[in-house]
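Inspection log for the structure reproduced underneath, given as structure tokens.
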Amino acid sequence: MRTAVLIGMLAGLVVLATALPVSAEGMDSGKAVTKLTRGAVNLVTGWVELPKRIHETSQASGAWAGFTWGLLRGLGHGFIRTSAGAYEFVTFPFPAPPGYASVIQPEYVFSESAVPSSSY
């Protein structure tokens, strides 16, 4: 047992010692902080998609559609925005996607909608 652990540790050291350095895009602290902030905001405000989508759908198709289809749209968009916020919050030091671009559009729930409310 002790020999197996020793061999495993030795093999790990050999792998680490012979590994080629990985080249990656350097961290841009300004963009990384922006990604962290965007992630935190979307993580906290993802639930706002619910009333937003209910309101949009009610305006376009009436109250009944707003409280049925709008509710479903809000739940879906809220889940996606909250998940995107969690992803950006956790991965903020890494430039993924390239250039620290947002993984969701619009970047914030309070921004103008990237898709007109009538196209759902």
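Checking each residue in region 65-88 for being within 13 Å of Tyr108 (Cβ to Cβ) and among the basic types (Lys, Arg) picks out only Arg81.
Only residues that are of a type outside the set (A, V, I, L, M, F, W, C) and over 16 Å from His77 (Cβ atoms) were counted in region 29-58, giving 8. Among the candidates Leu50, Leu36, Leu43, the residue that is in contact with a Leu (Cβ under 7 Å, 6 or more places away or on another chain) and in a helix (DSSP H, G or I) is uniquely Leu50.
Restricting region 1-60 to residues that are among the acidic types (Asp, Glu) and more than 23 Å from Ile80 (Cβ to Cβ), the residue that is modelled with the highest pLDDT is Asp28. Residue count for region 26-52 under the criterion of being surrounded by fewer than 16 Cβ atoms within 10 Å (Cβ to Cβ) and touching a Ser or Thr at 6+ places or on another chain (Cβ under 7 Å): the result is 0.
Right, Pro95: surrounded by fewer than 18 Cβ atoms within 10 Å (Cβ to Cβ), at pLDDT below 95 and not charged (D, E, K, R) or not? In short, no.
The values are calculated or read from the model by the stated rules, or taken from the named source; none is laboratory data. This is a predicted model, so every value here is computed, not measured. Counting neighbours? That spans all protein chains shown, and the Cβs are built from the backbone with ideal geometry, glycine included.
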